[in-house]
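Below is one structure, written out as structure tokens; the observations come after it.
The values are calculated or read from the model by the stated rules, or taken from the named source; none is laboratory data. Here the structure is a predicted model, which is why all the values come from computation and not from measurement. With ideal geometry, Cβ positions are generated from the backbone for all residues, glycine too; neighbour counts draw on all protein chains shown. All accessible areas refer to the heavy atoms of the entire protein, side chains included, with ligands and DNA or RNA removed. Shrake-Rupley method; radii C 1.70, N 1.55, O 1.52, S 1.80 Å.
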Amino acid sequence: MISFILLIACFIIFIYSIYVYLFSKPVNFPPGPPNVPFFGGYIFMLLLNYNHLHRAVNRICKFYKTTVIGFYLGEWPCIVLNDSENVKKALFHRDFDGRPDILMGRLRHPNLDLRGIFFTEGDIWHEQRRYTLRYLRDFGFGRRYDLLEKEIEIQIAQYLDIIKNGPKYPHENKYFKDGKVLLPMAFGPTFGNCFITCLLNEPIAREDMADLYTAVDNAFIFQRKTDNYGRLYSLIEEVAKYFPVMSDYTVARDASVELYTYFTNLINEQVKTFDETHERHFIDMYINKIRQAELNGDKESHFSYDQLTLACIDFSFPALSALSTTITFLFQQICHESEVQQKIQAEIDHVVGQGRFPTLDDRINMPYTEACLREIMRYETLVPSGLPHKALVDTEFLGYSIPKGTIILPALDAAFHDTSVWERPNDFWPERFLDASGKLCLSKDISLPFGAGKRLCAGETFARNMLFLFTTAFLQAFSVRMPNGVKAYKFSENLTGTIRTTPDHWLQVTAR
Ligand code: HEM
């Protein structure tokens with residue numbers, strides 16, 4: 001009898017411990033899915049929508065009838081903000097300016113060290129972001145600068161020439177064929193080269209761009225094979241060890257190491273001809289900082305060659321992939337609604353004509369084009385889950401207690417489709433940004449596609465300028481449509497990784 005009672009007691013304790021484990025969360029934490037061993041609540045997201053985690057979050061929020069959910073991501077406590085107001089509050093919250101130290105951030109370095117801008121926090125992030133932005137500005141990054149604008153015009157002319165006259169070098173064949181361009185990659189090498197012009201004060205010559213084309217491929221592999229929750233291998237590192245291929249760790253790692261090698265070679269070329277008395281460009285300035293730190297015996301300095309490489313990657317990476325993808329989304333919309341193309345072209349013809357390239361001075365006179373760019377970034381959110389932030393200290397937020405180390409995900413896609421802010425959020429409707437006389441209602445874009453606060457995208461101005469210049473120059477020269485007999489992808493068929501992309505597809509381009 002006693003042993004029977006003991007057995008029942010053990011059973012009750014066992015069931016109770018499972019219950020406690022499943023529903024254990026930090027005190028006063030937002031509601032959310034229960035805690036499954038190893039996975040936390042993340043398993044429910046994987047089960048609900050493995051391919052599009054931001055959509056899984058929408059369903060979880062619906063279930064809990066809230067737009068702020070909290071659960072465990074593996075061992076990490078995590079909250080997701082799934083509406084416009086709270087996304088903004090989180091982005092501007094200084095206590096949330098950290099980044100989680102996850103394998104997905106480290107795998108970009110050959111020795112898995114944490115370097116660069118995207119995934120660092122604290123002193124190293126602050127110092128390196130500030131330094132890079134400050135000195136890239138001297139070479140035109142993020143501001144008006146005649147020399148860079150002229151160089152960008154040359155790059156655009158070169159790009160248009162590949163389409164008009166066909167590829168000239170073998171590496172160009174993979175993205176250009178018979179008046180067609182392969183999207184979403186095809187604009188990547190040119191955008192990448194424009195950013196490299198900020199790094200080296202000159203672009204890479206067209207005939208030498210083969211490795212840059214491969215860098216674009218690798219940037220897209222990484223973007224597609226990772227996500228902003230870090231993938232399972234970031235939460236359970238054994239997954240990377242025992243299931244490297246199945247978990248997509250190998251493919252993301254290989255692409256990253258190749259990118260690392262590309263930028264190391266680019267930097268090494270500059271080291272060979274470096275002269276400390278004559279700084280030619282940003283890379284030289286940075287090399288000088290490294291050498292000064294070495295001379296002073298400063299062991300604490302963050303200025304190092306691998307930090308420089310990762311900083312170059314972090315800035316070039318979105319230039320290689322995010323810009324090209326954003327223009328692809330606009331062309332995707334044009335393939336569904338040709339009127340958008342006609343209106344942009346009418347504006348180009350009216351303001352610029354055919355005798356010269358559009359310039360940044362034309363931007364103010366082309367509100368419809370500007371509204372289309374804002375609307376495409378709202379309509380098809382490039383970074384749907386936002387980049388993960390991290391609570392740097394124990395803090396209070398929206399009446400909840402958020403422990404130090406909690407991952408904070410500002411779900412940008414939910415914010416951009418929040419019905420309390422946006423009328424008809426699921427329609428592509430550029431006119432929402434225009435007043436009755438066709439002018440931009442607000443000089444600033446209120447949808448925050450580049451984030452906000454101290455972690456604001458470091459390339460916003462560069463990105464907006466490039467998107468304007470490239471879209472207008474392209475549609476000045478060409479019209480786009482899907483090749484005969486091929487249906488345009490629906491937006492619902494787009495892929496979700498760290499950023500959204502379209503599936504690879506050829507776009508037919510015809511001279512106007
Ligand atoms: C349409 C194009 C782009 C979009 C929509 C975009 C959006 C974003 C977003 C949402 C973030 C995360 C902000 C956060 O942590 O909350 C970010 C970060 C960042 N972006 Fe962009 N971006 C774009 C293009 C670019 C370009 C062209 C560059 C550089 C040339 C760039 C450089 C960066 C860097 C370095 C960060 C990390 C900032 C940090 O952690 O301090 N981005 N971007």
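Quick notes on this structure:
- Within region 289-333, being open to solvent by 10 Å² or more (accessible area, probe 1.4 Å), small (Gly, Ala, Ser) and farther than 19 Å from Val271 by Cβ holds for Gly297, Ala322.
- Gly70 being open to solvent by less than 10 Å² (accessible area, probe 1.4 Å), at positive phi and more than 16 Å from the ligand (Cβ to nearest atom): no
- For region 75-93, taking the residues that are at pLDDT 95 or above and over 21 Å from the mean Cα position of the chain (by Cα), the one that is surrounded by the fewest Cβ atoms within 10 Å (Cβ to Cβ) is identified as Glu85.
- Test: Ile124 is more than 14 Å from the ligand (Cβ to nearest atom) and either more than 25 Å from Val251 (Cβ to Cβ) or surrounded by fewer than 22 Cβ atoms within 10 Å (Cβ to Cβ) (or both): no
- Residue pairs meeting the criteria (Cβ under 6 Å; at least 6 apart or on separate chains; first at positive phi and open to solvent by less than 40 Å² (accessible area, probe 1.4 Å), in region 243-258; second part of a helix (DSSP H, G or I) and at pLDDT 95 or above): Asp248/Lys225
- Within region 163-218, tally of residues that are of a type in the set (Gly, Ala, Ser) and surrounded by fewer than 18 Cβ atoms within 10 Å (Cβ to Cβ): 4
- Helices (runs of 4 or more DSSP H) fully within region 317-419 that include at least 1 residues being closer than 30 Å to Ala511 by Cα and either at pLDDT 95 or above or acidic (Asp, Glu) (or both): 338-351, 367-379.
- Residue within region 29-49 that is within 30 Å of Ser247 (Cβ to Cβ), within 29 Å of the chain's Cα centre (by Cα), open to solvent by 100 Å² or more (accessible area, probe 1.4 Å) and modelled with pLDDT of 95 or more present: yes
- Residue match in region 221-228 (condition: closer than 18 Å to Phe119 by Cβ, touching a strand residue (DSSP E or B) at 6+ places or on another chain (Cβ under 8 Å), open to solvent by less than 30 Å² (accessible area, probe 1.4 Å) and not polar (S, T, N, Q)): yes
Yes or no, residue by residue, for (1) in contact with a strand residue (DSSP E or B) (Cβ under 9 Å, 6 or more places away or on another chain); (2) within 16 Å of the ligand (Cβ to nearest atom); (3) touching a residue at least 40 places away in the same chain (Cβ under 8 Å):
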{"residue": "Trp429", "(1), (2), (3)": "no, no, yes"}
{"residue": "Asp435", "(1), (2), (3)": "no, no, no"}
{"residue": "Pro449", "(1), (2), (3)": "no, yes, yes"}
{"residue": "Ala458", "(1), (2), (3)": "no, yes, yes"}
{"residue": "Gln476", "(1), (2), (3)": "no, no, yes"}
{"residue": "Ser479", "(1), (2), (3)": "yes, no, yes"}
{"residue": "Met482", "(1), (2), (3)": "yes, no, yes"}
{"residue": "Glu493", "(1), (2), (3)": "no, no, no"}
{"residue": "Leu507", "(1), (2), (3)": "yes, no, yes"}
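- Hits in region 62-116 (condition: without any contact (Cβ under 8 Å) to a residue 40 or more places away in the chain and aromatic (Phe, Trp, Tyr)): Phe63, Tyr64
- Restricted to helices (runs of 4 or more DSSP H) entirely inside region 131-230, those with at least 2 residues that are within 18 Å of the chain's Cα centre (by Cα) and modelled with pLDDT of 95 or more are 188-200, 210-225.
- Candidates Lys444, Lys454, Lys439: the one that is away from the ligand (no atom under 16 Å from the Cβ), open to solvent by 30 Å² or more (accessible area, probe 1.4 Å) and out of contact with any Cys (no Cβ under 9 Å at 6 or more places or on another chain) is Lys439.
- For Thr419: the one exception among (1) surrounded by 14 or more Cβ atoms within 10 Å (Cβ to Cβ); (2) away from the ligand (no atom under 11 Å from the Cβ); (3) among the polar types (S, T, N, Q): (1)
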